[in-house]
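Presented below is the structure to which this report refers.
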Amino acid sequence: MTPEDKALWVNALRSGEYKQGQYRLTTVTDEGEERDCCLGVACKVFGAKREVIEVENDITGGVSKSVRYEGMGSYLPMSLAVRLNTEPDPYIEIGEPREGSFASRTAALSDFNDRYDLTFSQIADLIEYFL
C-alpha cells in the first residue's frame, strides 16, 4: 500500500465522518443511515462501484439493505485489494508467536471491527503501524 493510500484510509477512519457498523461492508438502516465496517470505509474512500441490495436476516426473518462494492458484501473487492497490495480481508500480525506455538498472533481487519469491537480510531492505528 502506498503511503498516500494508507494516509487516505487512516484519516477517513479517524475523521468521525463514518458511522461504524458490523458484518457487512455497509449496511443501511431503516432510516437510510449508512453504517460501515473499516473495509467499507476503504471502499468509499477509493471509489469502489456500489450497489444497494436487500438482504434477508436469518435471525429475525426481516429484510435489511446492504451495499455491495463491485459484487462484494463483506470484503474488499479484488480491484481495491490489488490497489492496496493486500488481501480482500487484510490480516495483521500483532506479535511474536506464543511460547510453544509456531503461529503468530494474527487477525483480520474484519475481526477487529466485528468480533473485537475496536473503534475506527483503534483500527486506524493498526493499519498505520502494521499494514
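The values are calculated or read from the model by the stated rules, or taken from the named source; none is laboratory data. The shown structure was predicted, so the numbers you read here are calculated from the model rather than taken from an experiment. Positions of Cβ are generated from backbone atoms using ideal geometry, with glycine treated the same way; all protein chains shown enter the neighbour counts.
Among the residues of segment 20-48, write down those that are acidic (D, E) and either on the phi > 0 side of the Ramachandran plot or touching a residue at least 40 places away in the same chain (Cβ under 8 Å) (or both).
Matches in segment 20-48: none.
Just for segment 54-84: of the residues that are assigned to a helix (DSSP H, G or I) and either free of Cβ contacts under 8 Å to residues at least 12 places away in the same chain or β-branched (V, I, T) (or both), which one is nearest to S110 (Cα to Cα)?
Here the residue is A81.
Any chance segment 8-21 includes a residue that's out of contact with any Gly (no Cβ under 6 Å at 6 or more places or on another chain) and among the β-branched types (V, I, T)?
Yes, there is a match, as at least one residue in segment 8-21 is out of contact with any Gly (no Cβ under 6 Å at 6 or more places or on another chain) and among the β-branched types (V, I, T).
What number of residues in segment 3-53 are modelled with pLDDT under 95, assigned to a loop (DSSP other than H, G, I, E, B) and either surrounded by fewer than 16 Cβ atoms within 10 Å (Cβ to Cβ) or touching a His at 6+ places or on another chain (Cβ under 8 Å) (or both)?
Going through segment 3-53 one residue at a time, the tally reaches 7.
Consider segment 110-131. How many of its residues are part of a helix (DSSP H, G or I) and either among the small types (G, A, S) or out of contact with any Ser or Thr (no Cβ under 9 Å at 6 or more places or on another chain) (or both)?
15
For segment 108-131, which positions are among the aromatic types (F, W, Y) and free of Cβ contacts under 8 Å to residues at least 24 places away in the same chain?
Hits for segment 108-131 are Y116, Y129.
Of the numbered conditions (1) among the charged types (D, E, K, R); (2) in a strand (DSSP E or B); (3) at pLDDT below 90, E99 fails exactly one; give the number of that condition.
Failing condition for E99: (2).
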